[in-house]
1. For the range 179-198, does any single residue satisfy the condition of being basic (Lys, Arg), in a helix (DSSP H, G or I) and farther than 16 Å from Phe276 by Cα?
2. Please verify whether the range 247-266 includes one or more residues that are surrounded by 15 or more Cβ atoms within 10 Å (Cβ to Cβ), touching a strand residue (DSSP E or B) at 6+ places or on another chain (Cβ under 6 Å) and over 24 Å from Ala106 (Cβ atoms).
3. Over 30 Å from Phe255 (Cβ atoms), of a type outside the set (Val, Ile, Thr) and either in contact with a Phe, Trp or Tyr (Cβ under 6 Å, 6 or more places away or on another chain) or modelled with pLDDT under 95 (or both): does that describe Glu14?
4. Which of the residues belonging to the range 146-155 are buried (at least 17 other Cβ atoms within 10 Å of the Cβ) and not charged (D, E, K, R)?
5. Residues that are open to solvent by 10 Å² or more (accessible area, probe 1.4 Å), part of a loop (DSSP other than H, G, I, E, B) and hydrophobic (A, V, I, L, M, F, W, C): does the range 51-68 have at least one?
6. Scan the range 236-246 residue by residue and report those that are free of Cβ contacts under 8 Å to residues at least 40 places away in the same chain and either buried (at least 16 other Cβ atoms within 10 Å of the Cβ) or of a type in the set (Gly, Ala, Ser) (or both).
7. Applying the selection to the range 199-253, what residues are under 24 Å from the mean Cα position of the chain (by Cα), aliphatic (A, V, I, L, M) and in a loop (DSSP other than H, G, I, E, B)?
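The values are calculated or read from the model by the stated rules, or taken from the named source; none is laboratory data. Keep in mind that this is a model prediction, so the values were computed, not measured. In this analysis, Cβ positions are derived from the backbone assuming ideal geometry, glycine residues included, and neighbour counts consider all displayed protein chains. Surface areas here come from the heavy atoms of the whole protein model, side chains and all, with no ligands, DNA or RNA. Shrake-Rupley method; radii C 1.70, N 1.55, O 1.52, S 1.80 Å.
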Amino acid sequence: MPEARVIRLRPDDEQPHVPPPSDPSWDEQVAGGLEFLRRRLTGDYETDEFGFDPDLTDHVLLPLLRPLFSRWFRVETSGVENVPTDGGALVVANHSGTVPVDALMATVALHDDHTAQRRFRLLGADLVFDLPVVGSLARKFGATLACSEDAERLLCGGELVGVFPEGFKGVGKPFRDRYTLQRFGRGGFVTAALRTGKPIIPCAIVGAEEIYPMIGNAKTLARLLGLPYFPVTPTFPALGPLGLVPLPSKWLIAFGEPIETASYGPAAAEDPMLVFNLTDQVRETIQQSIYQLLLQRSSVFS
């Protein structure tokens with residue numbers, strides 16, 4: 001199969017955006033599907049230097065996620081206007097859910113609910129890209145390694161970058177600790193924002209904690225498989241493959257007001273006290289927003 005062309009990321013590059021489908025007719029769907037297959041077979045599509053494939057994302061990956069977003073989790077977003085319509089910005093969110101579905105739902109929200117249909121370039125752990133199939137799809141979906149170099153290149157390229165500083169500590173925490181933020185590490189995301197002068201946008205996600213309630217962790221099995229944890233939920237592994245179906249919790253995603261960093265200057269990234277204070281400010285903002293969202297939600301499933 002022919003290889004896709006590779007395009008280099010520059011600050012003034014504009015990625016093409018394809019709006020969500022508005023109930024196309026059957027003929028249009030067939031024609032669109034055939035055209036998509038033609039592009040894939042002939043290599044008439046582009047990827048950037050990180051492996052992001054907008055054509056596959058718009059025509060396969062996002063459409064697969066939209067039913068989960070709109071019908072299963074019934075996601076409601078707020079504060080999307082706080083996300084700039086163009087230029088680089090760093091969205092920092094809480095992480096939970098045993099399986100990182102929250103990152104996928106945030107990606108759909110920023111593309112479909114934002115007036116500029118922003119691309120969300122996620123930063124992922126090394127393990128994500130070591131997994132067969134998953135790693136390749138993550139790259140094509142726009143994700144890259146969670147390292148300062150990649151984050152800064154994306155931010156300088158005008159991209160909307162997503163980071164989940166809790167990492168596996170957040171996504172793999174037990175259900176009893178739900179909606180309590182874990183430690184945010186050493187503040188590497190703040191350093192990237194300061195060096196590039198891009199704003200930080202706190203994001204709170206409520207609903208992911210209940211999709212796979214983690215009531216146990218098979219640590220021995222996790223070590224044998226090379227995983228940070230092996231979850232035991234009320235339905236998995238007891239129900240086998242059926243236990244992989246997420247519970248239909250009600251989701252709320254809120255984007256807070258941007259925290260500007262440009263006024264500090266790039267040299268401020270070397271000030272550990274400032275980095276610590278900004279990290280703590282972002283963490284506290286997200287935690288308070290989570291509490292507010294929990295009060296707004298009438299119940300776990302409605």
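1. no
2. Within the range 247-266, none of the residues are surrounded by 15 or more Cβ atoms within 10 Å (Cβ to Cβ), touching a strand residue (DSSP E or B) at 6+ places or on another chain (Cβ under 6 Å) and over 24 Å from Ala106 (Cβ atoms).
3. no
4. Selection gives Ala146, Ala151, Leu154, Leu155.
5. No, because not a single residue in the range 51-68 is open to solvent by 10 Å² or more (accessible area, probe 1.4 Å), part of a loop (DSSP other than H, G, I, E, B) and hydrophobic (A, V, I, L, M, F, W, C).
6. Phe236, Ala238, Gly240, Gly243
7. Ile211, Met214, Leu227, Val245, Leu247
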